[in-house]
Amino acid sequence: MLRQCRLPVSLLLVFFWPVPGGAQDKTFEAVVSLEPLGRLALETGRGTVRLTSWDRATVDIQARISPPMAVDGDEGQRSVDGTTIEVRGRRRSVRIRSVYSALPAPVHYEIRAPREVDLDLTIDRSDTLLDGFEGRLLLQFDRSDLTANDLTGTIVLDLDRGAFHGVDLSGAISLGLDRGQSVVLERVRGSLQFDLDRTSATMREVQIDGDSLIGIDRGDLELQLVPGQALTVEADVTDRSDLSSDLPVTFQQGGRRLQGSLNGGGPSLKITADRGSIQLDTN
């Protein structure tokens, strides 16, 4: 038997799956007012997060707490019972936090919030979908995969040991990625400040709208620019790196440096690499 609150039928189907060792899932739901341009914070570890936007001035929180996979019976039930969800604030600021006992249970979130919102996410070991937000987005992820769609504003992402797939990102975008398993960005527009360590990245359909800097150490970068943009490009790599490009720019220093202006010049794009390769071209 499962303990449950009022939930849509589509989610109820999930809750009736068998649970290992007979331990019961626990569900949580809450609706909290949050004005557009307000702040939403989420802190959680172990589980999943699906955070999407809607046109209401409320945050709708649905969550399922399930037993850890390697634990069953009474111990699994104690883990579920000892894991709770704390929600504080309303109107201008809302904070959601997973609170764990000595044996944490995974928490699976389904959250909807206003599109225009400042986000502050601290996520650990929880694969996350983030869709449709505009504001100041502060995203800190550890050992988690992030899929992000349709984000606009000031985007600051710090990701350690996870994968990142981003589509339709625009604004001032800052990425700090360490030991990223897979990084793919598509349809990106704005100013970029990227620091990639032990991470390889593929970026397609990139429009540079402000001075940008990309640094990569022990990784490969494939960067495809939107054709026709006015841009000043400079790339430097060490002798332990490779550099290739089909752009109409000049190679120097034995092919380890390129520099030039595209379509009369514009915002600067500077790229540095050590112990990796850079491929720079247009779509």
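Details
- Charge dipole magnitude, Cβ of K and R +1, D and E -1 - the stretch 145-283, Cα centre, debye nearest 20: 200
- About its Cα centre, the chain has a charge dipole of approximately 820 debye under the convention of +1 per Lys or Arg Cβ and -1 per Asp or Glu Cβ, with nothing else charged.
- Length added when fully stretched, Arg179-Arg275, from 0.36 nm per residue minus Cα-Cα: 33.1 nm
- Under 20 Å from the Asp246 label point (7 Å along Cα→beta-carbon), backbone N, the stretch 211-235: 221-235
- Projected-area mean, the chain, by convex hull of Cα positions, square nanometres: 16.1
- Placing unit charges on each Cβ (+1 for Lys and Arg, -1 for Asp and Glu) gives the chain a dipole about its Cα centre, and among Thr238, Leu177, Val107 the Cα reaching farthest toward its positive end belongs to Val107.
- Degrees between helix 73-82 axis and first principal axis of the chain (Cα, 0 to 90, nearest 10): 70
- Once the chain from Gln224 to Leu129 is taken as fully extended at 0.36 nm per residue, the excess over their C-alpha distance is 31.7 nm.
- Taking the DSSP beta bridges with both ends in the chain, the antiparallel portion is around 20 percent.
- In this label model, Ala57 and Asp81 are separated by 4.2 nm, measuring between points 7 Å along each Cα→Cβ vector.
- Neighbourhood charge, 13 Å Cβ-Cβ cut-off, centred on Glu186 and excluding it, Lys, Arg +1 and Asp, Glu -1: -1
- Averaging Cα coordinates gives a centre for the stretch 202-281 and one for the stretch 106-133; these two points are 33 Å apart.
Bear in mind these aren't lab numbers, they're just calculated from the coordinates by the rules spelled out. Computed from a prediction, not measured in an experiment: that's the story for all the values here. We place every Cβ from the backbone using ideal geometry, glycine too, and count neighbours over all the protein chains shown.
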